[in-house]
Amino acid sequence: MSIRVRFAPSPTGYLHIGAARTGLYNWLYARKLGGKFLLRIEDTDLQRSTDESTRSILEGLAWLGLDYDEELVFQSANADKHRAAALRMLAAGRAYRDFTPKEERSDKNVKQAIAERARDRAEEGFDMRANPYRDLPSAESEARAAAGEPFAVRLKVPREGRTEFMDAVYGPQARAYAEIEDLVLLRSDGHPLYNLSVVCDDIEMGITDIIRGQDHLTNTHKQVLIYEALGAPAPRFAHLPLILAPNKGKLSKRKHGEVVSLTTYRDRGFLPDAFRNFLALLGWSPQQSEQEIMSRADLIAQFSLAGIHRAPAVFNFNETDPRQWTDQKALWMNAEYIRTLPLAELTPFVRAELEASGLWRPEFATDERAWFEQTVEAIRHRFFTLKDFSGQGRAYFADEFEFDEAAVTKNLKKEPRLKELLPALADHLAQVEPFNAETSEAALRAFADEHGVKAGLLINAGRTALTGQAVGPSMFEVFALIGRARSVARLRAAAERV
RNA sequence: GGCGCAUUGGUGUAGUCGGCUAACACGCUGCCCUCUCAAGGCAGAGAUCACGGGUUCGAGUCCCGUAUGCGCUACCA
């Protein structure tokens, strides 16, 4: 049977990078094995699910290049089928009606309340099978239901035995039934619950392999029980190590903000290829090579569940240092992609960035196309994100640009004579014909000798005058790119800043 | 509290059947290159492989225990 996997996020917020990685691994697995990668939106929690989140998830997946097969499935649309499945289990004696009135939830610290209750129960040797309605004669159960008494439907977990399954990452797993509660399948208002919905949909969609976060490892035992009760074969499972924050705690939007949102990386100038590459390596590594820079095709070719780690991965970043707003290796990898990608693949991204910041001119794609490509080629080598093209790189595309203050101090204010030298140099360069990297270099060096100053003084001052920056490509390359007229004008204008 | 999972330099990881003087990448330091900064090249610092026992001629690798972290333990997903 051919492979069918699914990515099943719940639309209760932006797409978390951990979830994105889960999607990526599913996608890689399907593409590698020629299977299908399906997408299901788990929107059964109607209070928390939003259309905006769904859109954000779709956008994020599209950005990463994770195309899905077949129709998008909304879990909420299948609620009737889930209810029917619960009723089938009820009829088959694999589930029972629980008439216990619904507990009032103390909204505060849900997790803590659960832990406390579990502790109390453990102390008194609580029996998971103690529910008084578990063995209610079916006639009485039917009668009370018919009379309109509200009830939840619970799975009737057998008293003796254990669930077992083989996890492709964590190995053989087993859990005694005694450890598993008679979980609720249907709420007393008829609403199907997570574990039931997931299993029903996975059966319906013909899912063969479930690849998901390790936080579901213990849930899986419950789901195996549901598969059995439904008389369906369980799929294969593979659980993924979690991605942790630098303090090895949970990585959450609440605490860590936008670094955990996938769209942040798109919005802050990451190349999708670079981020996909980085994400793939967070919890997985190729078996047969030490290669780290991997294209989409490389990833597909190299991917296997065997290369997935068991230990959680720390996503490293420093909230107090803007230069380390996200993992340094991710930043490095993005820079690596920016400087090594074939130019033709990079320029569309640069164009989009320039358009977004109002720096794009149509000529860049027509008459000035060669110039545009040369410029991108010249400046991309020291950029980390696409944002740098409109930031540090602004002066190449527009005449209004900011001067970096440190650069002005270092290269212009340092030498008062520049106030006269710069306009004089401008006059000198205005005579150069033709004007290119070689001729401008010869002219500048001759000018420096003539005036008894080091060429480096004029070179560094020139770079700041022309680009507003302290760093950049070779000065003479910059002269050639900016052109004579603009170079001369900027040299003169910069004299004011000395 | 119970159950489960994990634990190799700051981070991501490699270490197949036990032979490691513990490998690679990011980051860090220095040098070279040089008009700056990157890139690139070279060199280097940084790990008694969580801790304690055991098995063995020999353990990062196998076994037991402890600690720490994380997950689950809901009529949340």
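A short reminder: the numbers here are calculations on the coordinates, not readings from a lab. The structure displayed is predicted, hence computed values, not measured ones. Neighbour counts run over all protein chains shown; Cβ positions are idealised from the backbone, glycine included.
General observations
- Residue pairs, from the table A:LYS222/A:LYS248; A:LYS255/A:LYS387; A:LYS32/A:LYS255; A:LYS253/A:LYS329, whose Cα atoms sit over 30 Å apart: A:LYS32/A:LYS255
- Residues of type lysines that A:LYS410 reaches as a straight line, Cα spacing below 23 Å, ignoring anything fewer than 8 places off in the same chain: A:LYS419, A:LYS454
- With the helix formula -39500 (n - 2.57) applied to DSSP H stretches of n ≥ 4, chain A reaches a computed 222 nm mean residue ellipticity of -14000 deg cm²/dmol.
- Theoretical FRET efficiency, 1/(1+(r/R0)^6), r = Cβ-Cβ of A:ALA485 and A:ALA365, R0 22 Å, to 0.05: 0.45
- Highest average packing first - A:97-104, A:352-359, Cβ atoms within 10 Å: A:352-359, A:97-104
- Overall, the ratio between the Cα radius of gyration of chain A and 2.2 N^0.38 Å, rounded to two decimals, is 1.35.
- Applying 0.36 nm per residue to the separation of A:ARG134 and A:HIS309 and subtracting their alpha-carbon distance, the gain on full extension is 58.9 nm.
- 16 Å Cα-Cα reach of A:LYS250 towards lysines, excluding residues that sit fewer than 8 places from it in its own chain: A:LYS111
- Cα centroid separation, the stretch A:258-291 to the stretch A:30-91 (Å): 23
- Extension reserve of the A:ARG159-A:SER76 stretch, reckoned as 0.36 nm per residue once the Cα distance is removed: 26.6 nm
- In loop segments of the stretch A:230-302 as defined by DSSP, the trypsin sites (Lys or Arg not before Pro) with at most 10 further C-beta atoms inside 10 Å of their C-beta are A:LYS248.
- Burial ordering of A:ILE293, A:ILE308, fewest other beta-carbon atoms within 10 Å first: A:ILE293, A:ILE308
- Distance (nanometres) between label positions extended 7 Å along Cα→Cβ at A:LEU46 and A:ASP189: 0.7
- Pairs of alpha carbons in the stretch A:1-81 whose separation is greater than 20 Å (percent): 30
- The distance separating the Cα centre of the stretch A:365-387 from that of the stretch A:235-250 comes to 39 Å.
- Ranked by the mean number of other Cβ atoms within 10 Å of their residues, highest first, the peptides A:213-226, A:425-438 come out as A:213-226, A:425-438.
- Gain upon complete extension [A:GLN431, A:ARG55; 0.36 nm per residue less C-alpha separation]: 129.6 nm
- Estimated D of the stretch A:346-498 in µm² per second, where Rh is the Kirkwood radius over Cα pairs and Stokes-Einstein applies at 25 °C, 0.890 mPa s: 156
- Estimated from the Cβ-Cβ distance and a Förster radius of 22 angstrom, the FRET efficiency linking A:LYS413 and A:GLU450 is about 0.40.
- A Förster radius of 30 Å combined with the Cβ-Cβ distance from A:ALA398 to A:ASP298 puts the calculated FRET efficiency at roughly 0.20.
- Neighbour-count ranking [beta-carbon atoms within 10 angstrom, fewest first] of A:LEU33, A:LEU61, A:LEU46: A:LEU46, A:LEU33, A:LEU61
- Cross-link reach list, aspartates and glutamates versus A:LYS36, counting only Cα pairs under 14 Å and skipping chain neighbours closer than eight places: A:ASP67, A:ASP69, A:GLU70, A:GLU71, A:ASP202, A:ASP209
- Environment charge at A:HIS239 (Cβ cut-off 10 Å; Lys +1, Arg +1, Asp -1, Glu -1): 0
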